[in-house]
Amino acid sequence: MNNIEQDILQLVKSPLTKEKGFNLLVKTYQERLYWNIRRIVISHDDADDILQNTFVKIWRAIDRFQSNSSLYTWLYRISVNESLQHLKQQKRSIFLREEATQNILLERLESDVYFDGNEIQKKLQEAIIRLPEKQRMVFNLKYYDELKYEEISEILGTSVGALKASYHIAIKKLEDFLTNN
Amino acid sequence: MTIKNKNGFKIPEGYFDTLSNKVQDKILSEQNTSHSIFYRPSYWVAASIIAIVISGVGYFHFFENSKSNYKNNNIVLSDLEYYDFNMDDLYYAYNENSITDESIEELDAKSLEEYIVDEVNINDILIFEEQDYNNNQQ
């Protein structure tokens, strides 16, 4: 655990300094959590809503956090679950296939005013969206957030071996998609 | 004006400068709401109805299934225990009329399971687990 995590946890323990500690937490992790959420839900407006909800949940629970895992993997876990819950609600029915969620995200990519990537960037995002959910999570956390497999394992609750397999399959699928499209 | 990310994603300029205040406002607003609902009689009415539904499902599972062959589309009580119930989610659903007296009468195990899967937030369970783990450690 690094110094800033220790400072935050020390501050949030006391009701007198909880708000100060929480503000430090928000400032420290807002960008990392935002981009993690944004890559999952694509749209800025959705990411903004989910990030705020994530911080509200963290505020409610932070004084009970007792360092059994590192603070930022716990924060990531909450933001990933909040994002996946959002996607599940968007899909409207649990009987719809995963493709339904992927199509919603592809529409968001097309319509979001806060995305104006070039053709290659757009194609890469399309390829990532078309990955199965678990592979997409692993790819984002490993490739963009540069987390270790052990950290991703804590966040997603999956074994390191399964994560390595998922990541390599995801890379292969992305290569195939980009080559054939 | 916007700030551009290298992957083509952009954000409104100054977004992160104002986020902390927006979060504080949301926390204050939710605290005001959550303090008041416990004093409303309808909260306890909703909680009582939900408790009756859960008991009914439990009765159905243990007693009715013991008389007949187990069928895969019945909910397993341990699933309910695993998911835990977020009373706020259920309370809001009741007040927003997505749960009505009529729908409760028609409620079966499958639709209850679908509701839990769709509406109950896994983070509330994780936070509950974290707290439970901490309590056990002490």
Dipole-positive endmost among A:Gln121, A:Ile155, A:Asn181 within the range A:117-181 (Cβ charges, Cα centre): A:Asn181
What number, rounded to the nearest 500 deg cm²/dmol, is the helix-based mean residue ellipticity at 222 nm of chain A, given -39500 (n - 2.57) per DSSP H run of at least four residues and division by all its residues? -24500 deg cm²/dmol
The range A:95-181: trypsin sites (Lys or Arg not before Pro) falling in loop per DSSP and having at most 13 other Cβ within 10 Å: A:Arg97, A:Lys148
Check each of the chymotrypsin sites (Phe, Trp or Tyr not before Pro) in the range A:1-98 and keep only those in coil by DSSP with at most 10 other C-beta atoms within 10 angstrom; list them in order. A:Phe95
Shape call, the range A:65-181: gyration tensor on alpha carbons, a/c limit 1.5: prolate
Kindly identify the range A:1-94 as rounded, prolate or oblate by the Cα gyration tensor criterion: order the square roots of the eigenvalues as a ≥ b ≥ c, call it rounded if a/c is under 1.5, otherwise compare a/b with b/c, prolate if a/b is larger, else oblate. prolate
Calculated FRET efficiency for the pair B:Asn32/A:Glu107, C-beta based, R₀ 35 Å, to 0.05: 0.45
Please list, in chain and number order, the residues 5+ apart from A:Phe115 or on another chain whose amide H is under 5 Å from its amide H, with Hs placed from the backbone. B:Lys10
Under the rule rounded for a/c under 1.5, else prolate if a/b exceeds b/c, else oblate, using alpha carbon gyration tensor axes a ≥ b ≥ c, the range A:133-181 is classed as prolate
Extending each Cα 7 Å along its Cβ direction at A:Ile171 and A:Glu98, get the distance between those two points in nm, one decimal. 2.0
Could you give each residue of the range A:9-18 its phi-based ³J(HN,Hα) in whole Hz, using Karplus coefficients 6.51, -1.76, 1.60 with θ = phi - 60°, and x for Gly or Pro? 5, 5, 5, 6, 5, 9, x, 5, 10, 4
Total formal charge among the other residues, if their Cβ is under 13 angstrom from that of A:Ser153, Lys/Arg +1 and Asp/Glu -1: +2
Exceeding the 25 Å Cα-Cα cut-off - candidates A:Lys88/A:Lys142; A:Lys27/A:Lys57; A:Lys123/B:Lys22; A:Lys88/A:Lys134; A:Lys172/B:Lys10; A:Lys122/B:Lys26: A:Lys123/B:Lys22; A:Lys172/B:Lys10; A:Lys122/B:Lys26
From the backbone phi of the range B:14-22, what are the Karplus-calculated ³J(HN,Hα) couplings (6.51 cos²θ - 1.76 cosθ + 1.60, θ = phi - 60°) in whole Hz, Gly and Pro given as x? x, 4, 6, 6, 9, 4, 4, 5, 5
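Quick one: putting +1 on the C-beta of Lys and Arg, -1 on the C-beta of Asp and Glu, what dipole do you get for the range A:35-181 around its Cα centre, in Debye to the nearest 20?
Using Cβ point charges on Lys, Arg, Asp and Glu, the range A:35-181 gives about 500 debye.
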I'd like the interface area for chains A and B: accessible area of each alone minus the complex, both sides summed, 1.4 Å probe, protein heavy atoms only. What is it in Å² to the nearest 100? 4000
Whole-Hz ³J(HN,Hα) from phi, Karplus 6.51 cos²θ - 1.76 cosθ + 1.60, for the range A:40-56, glycine and proline x: 7, 9, 6, 6, 5, 4, 5, 4, 4, 4, 5, 4, 5, 4, 4, 5, 5
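The values are calculated or read from the model by the stated rules, or taken from the named source; none is laboratory data. Only a predicted model underlies this, so the values are computations on that prediction, with no experimental measurement involved. Reconstructed Cβ throughout: ideal geometry from the backbone, glycine too, with neighbour counts over all protein chains shown. Protein only, heavy atoms only, side chains kept; ligands, DNA and RNA dropped before computing areas. Shrake-Rupley method; radii C 1.70, N 1.55, O 1.52, S 1.80 Å.
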